[in-house]
Ligand SMILES: Nc1ncnc2c1ncn2[C@@H]1O[C@H](COP(=O)(O)OP(=O)(O)OP(=O)(O)O)[C@@H](O)[C@H]1O
Ligand SMILES: [Mg+2]
């Protein structure tokens with residue numbers, strides 16, 4: 001044992017036993033004493049966009065945009081410096097744009113010495129934090145809504161029934177106008193409450209589903225709803241395997257997202273330039289709700305509309321938040337609830353001219 005703090009000093013087993021590191025979400029590089037890469041886990045391959053075969057043997061400093069920064073980190077890690085906790089660095093990637101990472105460098109004790117690098121893309125870290133917050137909120141939302149909806153539903157039937165009885169008693173046609181307003185509003189509220197309770201009511205039916213069948217169903221419904229001036233482009237990944245989940249829930253979720261896009265495209269529909277792209281991709285080694293998923297389907301809905309209103313961006317998944325005059329603000333709340341129920345995740349990115357809603361669903 002040395003006097004270095006435990007956190008920065010680890011005994012690393014010989015190469016074949018690193019296999020467990022492939023399960024980690026964090027990119028891990030093991031360097032020899034000369035700073036050459038001895039081992040890279042799968043997350044490192046994904047982060048650097050290079051195969052392990054290419055990585056092994058390379059001098060690690062070359063991966064850093066600032067090689068001196070790496071040397072400083074390495075030096076202080078070897079000295080057991082506690083200030084090494086999570087540094088921000090930029091990595092070069094030969095085939096892609098550079099990526100900002102949080103990096104933790106630790107000295108390896110024994111096994112010939114060397115360094116251990118743990119790296120997580122900052123973008124990924126932010127996404128995980130955002131997802132955590134979103135998950136917590138939606139759970140609280142769902143509970144609140146469900147209870148509220150139940151409380152509203154019971155007296156609502158009574159109000160409507162009483163208004164109907166009253167209507168029969170009323171002599172004048174004008175007075176009946178009032179009871180009609182009560183009945184119509186009670187009906188409107190009833191359908192709102194029914195939508196709120198929908199995710200909790202229907203039993204889940206889990207079976208094999210085809211991502212493209214879901215996309216095609218949604219495409220057909222939306223084109224029937226918006227027959228003029230809207231183009232829905234298919235950009236499908238033909239190698240997409242099938243998944244397991246509740247197909248009807250997923251259709252409803254995607255439908256809500258695509259319908260929003262079509263609604264946001266009102267002006268462009270009028271000039272015939274509205275476009276929605278339905279893009280599917282197989283995604284490997286992604287994180288969904290903090291779980292590492294080997295294989296996932298990514299369904300992106302991209303529209304060329306005006307974008308999500310700035311003041312709504314933080315809240316659009318909240319219930320009853322709407323930017324439309326006739327919106328109830330439940331579409332995305334429900335879409336999120338359905339996607340979560342199928343172990344997936346939904347997020348968006350929006351600027352004028354390009355809004356992308358992305359649904360990730362685990363396939364394996
Ligand atoms: N693709 C998009 N482009 C621009 N704004 C969007 C887009 N998708 C959603 N929004 C905004 O997010 C708001 C919330 O959407 P959500 O589907 O939850 O409710 P809604 O569409 O208003 O009502 P509902 O879906 O219940 O009829 C919308 O009103 C709209 O302002
Ligand atoms: Mg909607």
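Taking the stretch 319-356 as the range and being in a loop (DSSP other than H, G, I, E, B) and away from ligand 2 (no atom under 13 Å from the Cβ) as the test, the residues that pass are 342, 343, 344, 352, 353. Taking the condition of being surrounded by fewer than 16 Cβ atoms within 10 Å (Cβ to Cβ) and in a helix (DSSP H, G or I), how many residues in the stretch 198-208 meet it? Of the residues in that region, 2 qualify.
So, residue 241, is that one more than 25 Å from residue 131 (Cα to Cα), touching a residue at least 60 places away in the same chain (Cβ under 8 Å), in a loop (DSSP other than H, G, I, E, B) and more than 16 Å from ligand 1 (Cβ to nearest atom) or not? Spelling it out, residue 241 is indeed more than 25 Å from residue 131 (Cα to Cα), touching a residue at least 60 places away in the same chain (Cβ under 8 Å), in a loop (DSSP other than H, G, I, E, B) and more than 16 Å from ligand 1 (Cβ to nearest atom).
Inspect all residues belonging to the stretch 289-300 and state whether any of them is at positive phi and outside the structural domain of residue 26 (by TED's automatic domain parsing).
yes
If you go through the stretch 279-312 and keep only what is more than 8 Å from ligand 1 (Cβ to nearest atom), part of a loop (DSSP other than H, G, I, E, B) and over 25 Å from residue 215 (Cα atoms), you end up with just 290.
Selection of first residues in the stretch 292-315 that are touching a residue at least 60 places away in the same chain (Cβ under 8 Å) and of second residues that are within 16 Å of ligand 2 (Cβ to nearest atom), restricted to Cβ pairs under 6 Å at least 6 apart or on distinct chains, gives the following pairs, ordered by first then second residue: 299/359. Regarding residue 352, is this residue touching a helix residue (DSSP H, G or I) at 6+ places or on another chain (Cβ under 8 Å) and in contact (Cβ under 8 Å) with a residue 24 or more places away in the chain? So residue 352 does not fit the description; no. Taking the criterion of being in contact with a helix residue (DSSP H, G or I) (Cβ under 9 Å, 6 or more places away or on another chain) and either free of Cβ contacts under 8 Å to residues at least 40 places away in the same chain or farther than 18 Å from residue 277 by Cα (or both), the residues of the stretch 207-222 that qualify are 207, 208, 209, 210, 213, 217, 221. Exactly one residue among 147, 141 is surrounded by 12 or more Cβ atoms within 10 Å (Cβ to Cβ) and at pLDDT below 90, and that residue is 141.
The values are calculated or read from the model by the stated rules, or taken from the named source; none is laboratory data. Worth saying up front: this structure is predicted, and the values here are computed from it rather than measured. Every residue, glycine among them, receives a Cβ derived from its backbone with ideal geometry; neighbour counts consider all protein chains shown.
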